[in-house]
Amino acid sequence: MAAFHTSFVPSLILLLSFSSIQMSWAARNLLQTMPTIPSLPTIPTLPMPTMPTIPTLPTMPTLPTMPTVPQLTLPPLPATSLPTIPTTIPSIPTIPTTMPTVPVFSPPPSN
């Protein structure tokens, strides 16, 4: 069984190397015997179609003038002062680090 494993890996490497040599010879042969590419056929020029003339638009009737709207005047707003912005930041409350105790109740009486 050990002899099979010791000869299998080298034979696999030998097989892969021969197959790559054969592939490179085949690729070189294909590159050396490159056929000539046929030229593409030319596209014939097509005649230009005649464009129909664009009809003229009818003249639009004039719109009546809009009556003038009276100007509205708003009453003056009362003078109000803006609220003052506080300059000091309130302190952040501290988070308790101890766990509160939970009272333990006695069990209910049994029947």
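No value in this document is a laboratory result; all are computed from the given coordinates. What you are looking at is a predicted structure, and each value in this text was computed from that prediction instead of being measured. Neighbour counts are summed over all protein chains in view; Cβ atoms, including those assigned to glycine, are modelled from backbone coordinates with ideal geometry.
So what is log10(I(q)/I(0)) for the chain at q = 0.21, 0.23 1/Å, when the Debye sum runs over its Cα atoms only? So the normalised log intensities work out to -1.29, -1.32. Each peptide among 54-66, 17-29 gets the average number of other Cβ atoms lying within 10 Å of its residues, and from highest to lowest they stand as 17-29, 54-66.
Measuring between their Cα centroids, region 64-111 and region 5-39 lie 80 Å from each other.
Subtracting the Cα-Cα distance of Ser17 and Thr53 from their residue separation scaled by 0.36 nm leaves 5.5 nm.
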